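What follows is a short report on a single structure.
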Amino acid sequence: MSVPYMISGDGNIALILNGKQFYIQKDDANREDVLRLLKASGSADEILAVIDKATPVATYLSDSEVSVVDGVLTYHGEEVHNSLTERIITFMQEGLPVQPLVNFLKKLMENPSFSARNELFDFLDHRSLPITEDGCFLAYKVVKYNYTDKYSGKLNNSIGESVTMARYGVDDDRGNGCGSGLHAGTLEYVQSYGSFSDDDDSDKVVIVKIDPENVVSVPKDCDCQKMRCCEYTVVRAYEGEMEHNLYQDDGDEWEDDDDSLDDYSHEATGFDNYHLWN
């Protein structure tokens with residue numbers, strides 16, 4: 001018996017598998033595999049093996065506050081944007097510990113703004129922005145040649161400095177492309193925003209570490225590639241694009257030299273076929 005499904009005008013797929021409804025977005029990495037199976041009259045179990053991420057994620061997670069039900073990640077029973085589930089799967093595929101993402105989720109849920117919590121996922125959908133072991137994330141920022149901010153020239157953005165402002169002073173309307181607040185973004189965004197040359201007064205790029213709790217808004221302009229927050233720490237100077245998904249708390253590249261991470265190894269979890277869940 002063929003699996004009932006419908007493709008919307010936007011290219012999203014809705015289908016019924018073993019009595020449960022599933023949605024495959026047009027940009028889902030598994031969409032083409034699912035569509036191929038549907039057209040070939042594949043069975044519900046065959047399709048579930050491609051799209052149902054609940055089993056591998058639940059197997060890999062070990063946290064009393066976080067769970068996976070029917071492919072949806074929840075925190076204390078509250079549904080969390082599925083892009084975080086996708087991140088967990090990516091970490092699993094790369095052999096990285098998923099606890100940093102759980103730490104990220106817990107910090108995010110301390111953010112007092114419901115809209116900011118949801119908007120941050122739009123920002124982190126840009127895969128080039130990594131997570132740190134303690135659950136913060138890294139982003140790029142343009143500063144002047146003397147490491148002061150571009151707007152006022154008064155804020156010190158030297159390496160190791162923490163920059164703060166009152167949260168109520170940060171524009172929380174994502175409809176405003178230009179608004180008050182401390183800004184950071186993707187590499188593509190800062191390259192378009194800064195003025196770079198070989199001159200001594202050329203702008204510079206630094207890497208900043210941001211606690212999800214301190215994010216206030218993610219403007220829709222620039223394809224959600226910038227965000228406003230009330231605090232960040234400058235962890236290091238730009239030395240090239242960040243190419244990894246996980247970094248140490250100080251912004252350096254993550255190295256698996258900590259025995260405490262053994263609890264998240266493939267052997268410890270018994271999760272051997274992580275490469276099948278792409």
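The values are calculated or read from the model by the stated rules, or taken from the named source; none is laboratory data. Not measured: the values here are computed from a predicted model. Note that we place each Cβ from the backbone using ideal geometry, even for glycine, and neighbour counts take in every protein chain shown. The area values use the complete protein model at the heavy-atom level, side chains included, leaving out ligands, DNA and RNA. Shrake-Rupley method; radii C 1.70, N 1.55, O 1.52, S 1.80 Å.
When the accessible area of the stretch 1-159 is computed with all protein chains present and a 1.4 Å probe, what percentage of it is carbon and sulfur?
Working: 3710 of 7610 Å².
Roughly 49 percent of what the probe reaches on the stretch 1-159 is carbon or sulfur.
To the nearest 10 square angstrom, what accessible area does I16 show with a 1.4 Å probe?
My reading of the accessible area for I16 is about 70 Å².
Roughly how many nanometres apart are two label points built 7 Å out from the Cα toward the Cβ at T164 and E239?
Between T164 and E239, the simple spin-label model gives 2.9 nm.
I'd like the accessible area for E79: 1.4 Å probe, protein heavy atoms, all chains in place, Å² to the nearest 10.
Result for E79: roughly 130 Å² accessible.
At 1.4 Å probe size, with every protein chain present, just tell me what the per residue accessible area of the stretch 1-150 comes to in Å².
Details: 6890 Å² over 150 residues.
Per-residue accessible area for the stretch 1-150 comes out at 46 Å².
Expressed as a rounded percentage, what relative contact order does the chain have, with Cα pairs under 8 Å and six or more residues apart? If you can, show how the numbers build up before the last one.
Details: 496 pairs, mean separation 51.1, N = 278.
So the answer I get is 18 percent.
Order M242, M165, M109, most accessible first, counting only protein heavy atoms with a 1.4 angstrom probe. Working shown, then result.
On the way: M242 5, M165 65, M109 40 Å².
Highest to lowest solvent-accessible surface, that is M165, M109, M242.
Tell me which residues come under 5 Å, amide H to amide H, from N12 once H is placed; ignore anything under 5 positions away on its chain.
Answer set, sorted by chain and number: K26.
Tell me the accessible surface of V72 in square angstrom (1.4 angstrom probe, heavy atoms of protein chains only), to the nearest ten.
Its heavy atoms expose roughly 40 Å² to the probe.
Give, as a single signed number, the net charge of other residues whose beta carbon lies under 9 Å from the beta carbon of Q25, with Lys and Arg counted +1 and Asp and Glu -1.
Details: positive: K26, R31; negative: D10, D27, D28.
So the surrounding residues net to -1.
Could you tell me the relative contact order of the stretch 179-262? Use alpha-carbon pairs under 8 Å, at least six residues apart, and round to a whole percent. Intermediate results must be reported in sequence, preceding the final value.
Numbers: 96 pairs, mean separation 24.4, N = 84.
Once divided by the residue count of the stretch 179-262, the mean separation gives 29 percent.
Sort K226, K209, K26, K107 by heavy-atom solvent-accessible area, probe 1.4 angstrom, most to least. Kindly include the intermediate steps, with their values, before the conclusion.
Numbers: K226 10, K209 35, K26 135, K107 55 Å².
If we order K226, K209, K26, K107 from most to least accessible, we get K26, K107, K209, K226.
If you compute Cα extents along the principal axes in Å for the structure shown, which of (1) 47, 38, 35; (2) 68, 48, 38; (3) 99, 44, 35 do you land on?
Matching the structure shown: (2).
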